[in-house]
1. May I ask you to list the residues in segment 49-90 that are among the small types (Gly, Ala, Ser) and more than 19 Å from the chain's Cα centre (by Cα)?
2. Of all the residues that make up segment 134-154, how many are farther than 14 Å from residue 46 by Cα and at pLDDT below 95?
3. Working only within segment 80-126, note down all residues that are in contact with a helix residue (DSSP H, G or I) (Cβ under 8 Å, 6 or more places away or on another chain), over 18 Å from residue 137 (Cα atoms) and of a type in the set (A, V, I, L, M, F, W, C).
4. Give segment 51-100 a look and list any residue that's polar (S, T, N, Q) and either within 16 Å of residue 125 (Cβ to Cβ) or surrounded by 11 or more Cβ atoms within 10 Å (Cβ to Cβ) (or both), or say none.
5. Note down all Cβ pairs under 8 Å where the first residue falls in segment 39-53 and is in contact (Cβ under 8 Å) with a residue 12 or more places away in the chain, the second is assigned to a strand (DSSP E or B) and of a type in the set (Ser, Thr, Tyr), and they're at least six residues apart or on different chains.
Amino acid sequence: MRRLLTFVLVCGLTSPLWSADKPDPATLEKAFSEKLASSTLVGTFTVDGKAGTKPDRYRIVSAKKVKDADWIVTATMKVGENELDIPIPIKIYWADDTAVMSLTDLTIPGVGTFTSRVMFYGNRYAGTWQHGDHGGTFCGVIEKQPVTPEPEKK
């Protein structure tokens with residue numbers, strides 16, 4: 001019992017939660033928004049009950065905080081034969097300096113109903129997904145898209 005108490009005290013006293021230089025929420029939110037804007041999430045996904053992984057890509061146009069934990073993430077999605085930029089209302093919570101996206105039973109017309117949890121840290125992401133009666137996991141890296149300069153006006 002004494003060892004457990006010592007361990008808890010040492011971990012607690014050296015935890016980043018006690019650090020005076022804990023990241024400022026506004027700074028974290030701005031950096032997260034900038035990281036996702038004009039990016040592509042490139043990785044793999046699994047389907048529960050099936051072996052192996054499959055390639056996966058999500059193009060993010062923008063991520064903007066609305067208020068509190070409410071954000072709008074605009075993603076390019078294929079709807080029928082068309083690719084559309086769709087604004088998706090998402091909750092973003094913070095675990096210290098790690099963003100956690102939370103989406104529960106959101107119906108996107110023409111696409112379906114989704115539940116997902118995604119953790120973002122550094123240039124990586126990992127999470128779970130549910131679409132109807134099937135789901136799985138996914139992970140990968142965040143790749144910034146090159147910015148195309150506006151043509152000069154004459």
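The values are calculated or read from the model by the stated rules, or taken from the named source; none is laboratory data. Computed from a predicted structure; not experimentally measured. Every residue, glycine as well, gets a Cβ built from its backbone with ideal geometry; the counts of neighbours run over all protein chains shown.
1. Once the filter is applied, which keeps residues that are among the small types (Gly, Ala, Ser) and more than 19 Å from the chain's Cα centre (by Cα), segment 49-90 yields 49, 51, 52, 80.
2. Number of matching residues: 11.
3. Matches in segment 80-126: 92, 94.
4. If the condition is that a residue be polar (S, T, N, Q) and either within 16 Å of residue 125 (Cβ to Cβ) or surrounded by 11 or more Cβ atoms within 10 Å (Cβ to Cβ) (or both), then 53, 62, 74, 76, 98 are the ones that fit.
5. Hits for this filter: 40/58; 41/58; 41/125; 43/125; 45/137; 46/137.
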